[in-house]
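What follows is a single structure, written as structure tokens, with notes after it.
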Amino acid sequence: MPARRLLSHRAPRRVATVSVHTSPLDQPGAGDAGGMNVYIVEVSRRLAARGIAVDVFTRATSSDLPPVVEMSPGVTVRHVSAGPFEGLGKEELPAQLCAFTAGVLREEAQHEPGHYDVVHSHYWLSGQVGWLARDRWSVPLIHTAHTLAKVKNAALAEGDHPEPRLRVIGEEQVVAEADRLVANTQEEARQLVEHYGADPRRTLVVPPGVDLDRFTPGDRTAARRVLGVPADAVVLTFVGRIQPLKAPDLLLAAAARMLEDDPALRARLQVHVVGAPSGSGLETPRQLEELAASLGIADLVRFLPPQPPDRLALYYRAADVAVVPSHNESFGLVALEAQACGTPVVAAAVGGLPTAVRDGVSGVLVGSRDPAAYAAAIRAVLARRPLLAAGARRHAADFSWDRTADALVAAYASAAAEMAGAARRALRPVVGLPLGTQVAW
Ligand code: UDP
């Protein structure tokens, strides 16, 4: 590491955030836009509120996009040209990383040295870019993986494609290079250490948050009135990108199972699926529509396109239960948002979901992928809903993006201090030793 400048142990003034494959300006809930986009938006805003300017570098996916967009005060989105604007899948992006990195380095080169204090990369593609930027700028690289290929491949949904070896190798490289690895949960930190050989001293847990001003408990009946849902309906809600990993099909199967056990429920049951297709396998809602038809519940399922946050809050509030039956989740922001709105959650007991949901307190975790087990868990939640709704609100209140931002600022500062210490040691004059002497510090 070249000792280009010595950093003092202070909060950064300017952060380069790298988000190659998806933009914080995208509407989450479709394609590649999901929790990571929300994370970057919420954290960037809060860093800016702490006086830290944030530049988010993302790939330009349309010729209409201006090169620079001020997303909110102190947060600038910089669109980097790398490859054709449209029609490039995430799996094709590794070939564009050189062009993307050049765009990032050229932007920095227009400023005085030391323009950025920290580079924070999101997802492994961005980690590859951040790695080079870190070396060129002599600033720490903070990396958040969001998902890990080895973990994903160990819990593949039927019809899903395994993540390629290329990604595994790329992730291993970033893990080895990053000055700090930010995990959402203890479980993710363990996975980084055990599956990727991460240095535990550089791996820290920073839980994500939830916007408690936006996702507030509200009157369920009033929310239903706005959405045209009968007051006495039993509403089960799925929110997220429609992809095999998220398993909305399991919710449909569980709903069908509930009707087998209690045919009278048909008059009141509604299933809401909010989100649009992403990834492989269940590629269009049409496949889910066909599944609903084959299960005999097509008339009970409403498919809704991705919703902006305020409208999404209405869907959470209108629900009796939010269901998150994913094969894996590094965290599961949807679970937290639903709880903040006072809606208990039935979730798979995988990945970060046991942190996002308190089993028996704010919802129920399900250890099986059997629709009957989900049907039983949903019934258990319906039977104790008022108690679990209160538990859900309390649990969600333990999370906040402000706390996430504070922990990240501390991580940035400590990584910078460590780097400054290493640089000082590297610069310490060595006098009177014969050339070639090995010096151990
Ligand atoms: N989301 C949204 N509108 C939608 C569906 C989802 O804004 O119609 C957001 C949702 O609020 C959440 C994010 O997308 O913050 C999904 O994050 P999560 O961690 O649940 O899943 P991921 O997308 O990261 O796999």
For a protection proxy built on the mean count of beta-carbon atoms within 10 angstrom, sort 21-34, 85-98, 384-397 highest first, please. 21-34, 384-397, 85-98
All aspartates and glutamates inside 17 Å of LYS246 as judged from Cα atoms, apart from same-chain residues fewer than 8 positions distant: ASP32, GLU158, ASP160, GLU163, GLU283, GLU289, GLU329, GLU337, ASP370
Arrange the peptides 250-258, 100-108, 218-226 so that the one whose residues have, on average, the most other Cβ atoms within 10 Å appears first. 250-258, 100-108, 218-226
Loop chymotrypsin sites (Phe, Trp or Tyr not before Pro), the stretch 120-176 (other Cβ atoms within 10 Å of the site Cβ: 15 or fewer; DSSP): none
At 7 Å along the Cα-to-beta-carbon direction for both GLU91 and ASP262, put a label point, then send me their distance in nm to one decimal. 4.3
What value does the chain have for Rg/Rh, both radii from Cα atoms and Rh as Kirkwood defines it? 1.02
Sulfur and carbon atoms: percent of accessible area, the stretch 344-389 [1.4 Å]: 61
Compute the distance in nm between two label points, each set 7 Å from the Cα along the Cα-to-Cβ direction, one at ALA407 and one at ASP64. 3.8
Name the most mobile residue of ALA377, ALA318, ALA154, meaning the one with the largest mean-square fluctuation, in a Gaussian network model of the chain with Cα contacts below 10 Å. ALA154
Checking rank on 205-215, 330-340, with mean other Cβ inside 10 Å and highest first, the result is 330-340, 205-215
Estimated inter-spin distance, ALA109 and LEU166, nm [label 7 Å along Cα→Cβ]: 2.6
For LYS90, go through the lysines and keep the ones whose alpha-carbon is under 17 Å away, minus same-chain ones fewer than eight residues off. LYS152
Per-bin percent of Cα-Cα distances, the stretch 11-55 [10 Å]: 29, 49, 20, 2
Residues of the stretch 62-206: accessible area per residue with a 1.4 Å probe, Å²: 45
Calculate for the chain the 222 nm mean residue ellipticity that helices alone would give, adding -39,500 (n - 2.57) per DSSP H run of length 4 or more and normalising by residue count, nearest 500 deg cm²/dmol. -12500 deg cm²/dmol
For GLN186 and GLU289, what does the FRET efficiency come to when R0 = 45 Å and r is the distance between their Cβ atoms, rounded to the nearest 0.05? 0.70
For the stretch 39-193 (alpha-carbon point model, no solvent) the Debye-based log₁₀ I(q)/I(0) at q = 0.12, 0.16, 0.18, 0.19 Å⁻¹ works out to -0.56, -1.00, -1.24, -1.35
Could you state the accessible area per residue of the stretch 362-418 in Å², with a 1.4 Å probe and every protein chain left in place? 40
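The values are calculated or read from the model by the stated rules, or taken from the named source; none is laboratory data. This structure is a prediction, so every number in the text was calculated from the model and none was measured. Virtual Cβ from ideal backbone geometry, glycine too; neighbours counted across all protein chains shown. Accessible surface areas use protein heavy atoms only, side chains included; no ligands, DNA or RNA. Shrake-Rupley method; radii C 1.70, N 1.55, O 1.52, S 1.80 Å.
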